[in-house]
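The values are calculated or read from the model by the stated rules, or taken from the named source; none is laboratory data. Remember, predicted model here, so these are calculated numbers, not experimental data. Here the Cβ positions follow ideal geometry from the backbone for every residue, glycine too, while neighbour counts run over all protein chains shown.
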């Protein structure tokens, strides 16, 4: 099963490498990882998505807790969340296909952020399924380049993922 973890860590050099290394040493692939500063000074928030069963996840969580810079880990897989991903997609777009591509972008409420003679760069923000759906519809035109941020997640309502103390 895919699990989404919200992890608060000290915002220091090497923390991301230690967390990723822990997953790697245990043979787990991180499908998505996003890291950035949180609302707390000196604290970063990671959103990790990885495939693991319940026992494997429990073991990973225990190992993560042993890392000195890890402050809090929350499995938000089954929580009501708002999650988003950003993708930039460079698509072949000559005069004959440009209008169709712009229609696809409009349907998904994406944005064209760059236009050249033979391509466009499209920005799409949404949940992973929305991003995937747009990518699949643009594939027939020829995707020249694709970059994705990875998922960021926040629990809905008043519950928060915050460091203790």
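Computed quantities for the displayed model
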item: Test result for residue 114, over 28 Å from residue 2 (Cα atoms), loosely packed, with under 15 Cβ neighbours inside 10 Å and out of contact with any helix residue (DSSP H, G or I) (no Cβ under 7 Å at 6 or more places or on another chain); result: yes
item: Test: residue in segment 96-107 that is free of Cβ contacts under 8 Å to residues at least 40 places away in the same chain, in a loop (DSSP other than H, G, I, E, B), buried (at least 18 other Cβ atoms within 10 Å of the Cβ) and more than 16 Å from the chain's Cα centre (by Cα); result: no
item: Qualifying residues in segment 44-74 (those that are in a strand (DSSP E or B) and surrounded by fewer than 18 Cβ atoms within 10 Å (Cβ to Cβ)) - the one farthest from the chain's Cα centre (by Cα); result: 72
item: Criterion: out of contact with any helix residue (DSSP H, G or I) (no Cβ under 8 Å at 6 or more places or on another chain), free of Cβ contacts under 8 Å to residues at least 24 places away in the same chain, surrounded by 11 or more Cβ atoms within 10 Å (Cβ to Cβ) and in the same structural domain as residue 6 (by TED's automatic domain parsing) - qualifying residue of 27, 21; result: 21
item: Residue match in segment 140-159 (condition: farther than 27 Å from residue 36 by Cβ, touching a strand residue (DSSP E or B) at 6+ places or on another chain (Cβ under 9 Å) and free of Cβ contacts under 8 Å to residues at least 40 places away in the same chain); result: no
item: Test: residue in segment 130-142 that is in a strand (DSSP E or B) and touching a helix residue (DSSP H, G or I) at 6+ places or on another chain (Cβ under 8 Å); result: no
